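First up is the structure itself, then whatever we jot down about it.
We did not get these values from a lab; they are worked out from the coordinates using the rules stated. Keep in mind it's a predicted model, so treat the numbers as computed, not measured. Cβ sites come from the backbone with ideal geometry, for glycine too, and all protein chains shown count toward neighbours.
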Amino acid sequence: MAAETYLFPCLKDNFGVLLHDPDSGATAAIDAPEAAPVEAALQKTGWRLTDILVTHHHADHTAGVGPLKERHKCRVVAPRNEAARIAHVDETVGEGDTLRLGSFEGRVIDTPGHTLGHISYFFPAAKLAFVGDTLFSIGCGRVIEGNPQMMWHSLLKLRGLPDDTQFYCGHEYTDANIRFAKTIEPNNKALAARAAEVAKLTAAHKFTIPATIGAEKAANPFLRADNAELAKAVGLIGSPAWQVFAEIRERKNRF
Ligand SMILES: [Zn+2]
């Protein structure tokens, strides 16, 4: 049977998400911003928590891990390169590792930049990716621990996933991201279409994710730093893509 997901808000603007395999009953929480909304989501779905898949060490992605593990005795999987900064870890993973969730196989992709050990989880058969704070819809995470070159390389890896991959990110920032993206590419038709879609979703009090990689790479300026039009728009014709990316990221930081 197909994978099921359940998306819910946590903290101020974090997302929590559950990934469920109906055949085996296995259920993973991708990150655990806080325990209570995850417990409420489990109640609502009737699913039993078997795994927590952590994308990076920030407290707004890990604060719920301890209490959830104590209650559900679930397995905690975390990025190898920053596992020392995350409590209650059972298994560490990195680039190219696979992990099993019931009948699903997930692949680990190193996506450093926001933090140095940040990872993303990709489930090819289910066409789902969980990208934490690396890629947001029409945006990307702040480059806190890494550098722009590293972050651009990570975004390229996510952009390279199949177009029909649906991705789940760590925060609901889409609306603000669209307002910024329009200052970079005011004439991007895919961006205008996404803006109209998001306005509808927001008016209906619905979440703006998941989005697909295919739609995203046409509209998200942070995935388009190697596009000549975009380089021209920020006055960096002929510059390496990572420098164009760095300029867009810097402008967003000041936006
Ligand atoms: Zn973070």
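Go ahead and run the numbers for FRET between Ala176 and Glu105, Cβ-Cβ distance against an R0 of 30 Å, rounding to 0.05. It comes out at approximately 0.30. For the set Lys182/Lys206; Lys157/Lys206; Lys12/Lys232; Lys44/Lys200; Lys73/Lys200, the pairs lying more than 30 angstrom apart at their alpha carbons are Lys12/Lys232; Lys73/Lys200. Each principal axis of the range 1-63 carries a Cα extent, and these read 33, 21, 15 Å when sorted largest first. With a simple spin-label model that places each label point 7 Å from the Cα along the Cα-to-Cβ direction, the separation between Leu7 and Asp90 comes to 2.8 nm. Ranked by the mean number of other Cβ atoms within 10 Å per residue, highest first, peptides 23-30, 128-135 order as 128-135, 23-30. Bridge orientation summary for the chain: considering DSSP beta bridges with both residues in this region, about 70 percent are antiparallel. Residues whose amide H falls under 5 Å from that of Val93, counting only those 5 or more places apart or on a different chain, are Ala78, Arg80, with hydrogens built in the peptide plane.
Normalised Debye scattering of the chain at q = 0.11, 0.15 Å⁻¹ gives log10 I(q)/I(0) of -0.56, -1.03, counting only Cα atoms as equal scatterers and leaving out solvent.
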